[in-house]
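Here it is, the structure in full.
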Amino acid sequence: MRKLVTIGALTLAFAAGCMAAETPSKHPENPTPMRGRLNQLTAEIAPRTSSASLQPVPIRNFIDTFIFSKMERDHVPHAGLSTDAEFLRRVNLDLTGRLPEPDVIQKFLAEKGSEKRDKTIDALLATPIEGKLDKPQTPFLDKWTYFFNDLFRNSAAELGAPGRNLLRDYIYSALLLNVPYNDLVRELLTAHTRDNFVDAAANYLLRDHVDDFNDVYINQTDSFDEMAISSSKYFLGVNLECVSCHDGQGHLEKINLWLSRVRRPQLWRQAAFFSQLSMSRPYGIGNEYELLDKGGHYDVTTRSVRRMPRYKTDITPQFLLTGEKPKEAESWRDAYARMLAEERQFARATVNLV
């Protein structure tokens, strides 16, 4: 499946070598116990795996090379190439979320030639911008736009219909134009606007706003916490929800050993990257917002709407996975977007997500 190394806006070339992940770690691991278990499983399974009827798998791209070279090195048996019927069903479900029509199946099975799978992928990925103006249906764009809207909880956010629809159209256009995913994420994390009913990208951060106890003003500090939690979860695969209320130690050992070593102030320092922001409703009560880099304030001693009481401590912006701080004169949000998009865990989490 040649062209699946990029899935619309997801330019996954930057993820080579990062095909699987659990939680980030900067500590070297001892591979010996895992390698021993792997060899044991291979010895048990390989004799029962018949290869007589399997079609060989051609190596077509760098992802094939990476995966199959490791499997060969570790003597791990793998399935052969899928049949034409299996391929057509899978590629349609993966790219469009739909099963192929019966006439499409019959035509594909009857077709000869080694390039027919590549042609099918090209046809499924085709967009109006590539000369298909006579075919307004875009199942690939529709499916993946829905996927990211669901991931970002767009429909559940209090953005008003204009803000919600703008964010949906923003995602759709990014897929249509094949915008690299790391560029898209940087745009979302650094957006600002006078009016979220006009600017699309700003709605991503604004959907994490938290109203204060009066339901009129926005609790800035709680909102920054939510921005740090959601961006870490979606883009790094690290869920900081639990450590936003208490240290991981004594709570997360049976869930995530890495997070069991994370303390609450580490989350606050991650949230501090957003603390130069200010959010308000300058147009009155409702779901129309302003999101600007002016006079923001992050105060962990204030009363929280959602979390256990905080306490005074160092809240200098510091990236959770590396301890890196913004460069001199660098915007804090620009710094956060840069660190996140360049972090290897971003690539690993993206591959696993897709």
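Using the basic label-point model (7 angstrom from Cα toward the beta carbon), what is the Val76 to Leu177 distance in nanometres?
Once both label points are built, they end up 3.8 nm from each other.
When the chain is fully extended, how far beyond the present Cα-Cα distance does Ala110 get from Phe213, taking 0.36 nm per residue of separation?
Value of the extension gain: 30.5 nm.
Could you give the nm distance between label points at Ser155 and Asp142, where each point is 7 Å from its Cα heading toward the beta carbon?
1.4
In whole Å, how far is the Cα centre of segment 78-122 from that of segment 198-266?
One Cα centre to the other: 42 Å.
A follow-up question, please. Rounded to whole Hz and in sequence order, give me ³J(HN,Hα) for segment 114-119 from the Karplus expression 6.51 cos²θ - 1.76 cosθ + 1.60, θ = phi - 60°, writing x for Gly and Pro.
Couplings: 7, 9, 5, 5, 4, 5 Hz.
Moving on. Which of the peptides 97-108, 312-323 is most tightly packed, and how do the rest follow, going by the mean number of other Cβ atoms within 10 Å of each residue?
Top to bottom by mean Cβ count within 10 Å: 312-323, 97-108.
While we're on this one: Which ³J(HN,Hα) values, rounded to whole Hz and listed in residue order, are derived for segment 297-313 from phi using the Karplus coefficients 6.51, -1.76 and 1.60 in 6.51 cos²θ - 1.76 cosθ + 1.60 with θ = phi - 60°, glycine and proline given as x?
Here the 3J(HN,Hα) series is 8, 10, 10, 6, 8, 7, 6, 9, 6, 10, 10, 4, x, 8, 8, 5, 6 Hz.
Also, quick follow-up: Given R₀ = 30 Å, FRET efficiency for Arg89-Asp169 by Cβ-Cβ distance, to 0.05?
Values: r = 31 Å, r/R0 = 1.02.
With R0 = 30 Å, the Cβ-Cβ based efficiency is 0.45.
Moving on to the next point. Please work out how many pairs of lysine residues in segment 208-353 are eight or more positions apart (or on different chains) and have Cα atoms closer than 29 angstrom.
Number of lysine pairs found: 10.
Right, another one. Compute for segment 208-353: radius of gyration divided by Kirkwood radius, i.e. Rg/Rh, restricted to C-alpha atoms, rounded to two decimals.
Reported Rg/Rh (Cα atoms, Kirkwood Rh): 0.97.
Go ahead and collect, in residue order, the members of segment 174-199 whose backbone nitrogen is under 20 Å from a label point 7 Å along the Cα-Cβ direction of Lys294.
Within reach of a label on Lys294, which here means backbone N under 20 Å from a point 7 Å along Cα→Cβ, segment 174-199 contributes 190-199.
Amide H of Ser280: which non-local residues (sequence gap of 5 or more, or other chain) have their own amide H closer than 5 Å, using H built in the peptide plane?
Glu290
From a point 7 Å beyond the Cα of Arg281 in the direction of its Cβ, which residues of segment 137-177 have a backbone N at a distance under 20 Å?
154-167, by backbone N distance to the label point.
Let me ask something else. With each pseudo-label sitting 7 Å past Cα toward Cβ, what's the Lys254-Asp118 distance in nm, one decimal?
Result for the modelled spin labels: 5.3 nm.
Where a number appears in this text, it was derived from the coordinates with a stated rule and is not lab data. Note that the structure is predicted; figures quoted are calculated from it, not measured. When we count neighbours, we look across all protein chains shown, and the Cβ atoms used for this are built from the backbone with ideal geometry, even at glycine.
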